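This report refers to the structure that appears directly beneath it.
The values are calculated or read from the model by the stated rules, or taken from the named source; none is laboratory data. These numbers come from a predicted model, not from an experiment. Here the Cβ is made from the backbone with ideal geometry for all residues, glycine too, and neighbour counts use every protein chain on show. Heads up: the accessible areas ignore ligands, DNA and RNA and are worked out on the full protein's heavy atoms, side chains in. Shrake-Rupley method; radii C 1.70, N 1.55, O 1.52, S 1.80 Å.
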Amino acid sequence: MCTNIVYEWLKTLQLPQYAESFVDNGYDDLEVCKQIGDPDLDAIGVAVPHHRRRIHEAVRRLKEADETTAGLYFTLEP
């Protein structure tokens, strides 16, 4: 399996065993992962309650990071 951002994210959560299932189910980018809910975790095969909580918490942090940086922008000058 090739290394991608979702694999690295799951590795930091100590859940790399789900990486292939995430990618197989279309969750191959963190932007897509921000939309994960319980039905998605069922489809991916995450059945362990503690693992589900860990993923939900990580998704919440991803969304919060977006809100924090939403007001930031920069311009390129010639």
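Results, tabulated for the structure shown:
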quantity	calculated
Flag if Leu10 is without any contact (Cβ under 8 Å) to a residue 24 or more places away in the chain, over 10 Å from the mean Cα position of the chain (by Cα) and surrounded by 11 or more Cβ atoms within 10 Å (Cβ to Cβ)	no
Within the range 6-49, tally of residues that are assigned to a loop (DSSP other than H, G, I, E, B) and hydroxyl-bearing (Ser, Thr, Tyr)	1
Filter result (open to solvent by 80 Å² or more (accessible area, probe 1.4 Å) and under 14 Å from Ile5 (Cβ atoms)) within the range 17-51	Asp28, Glu31
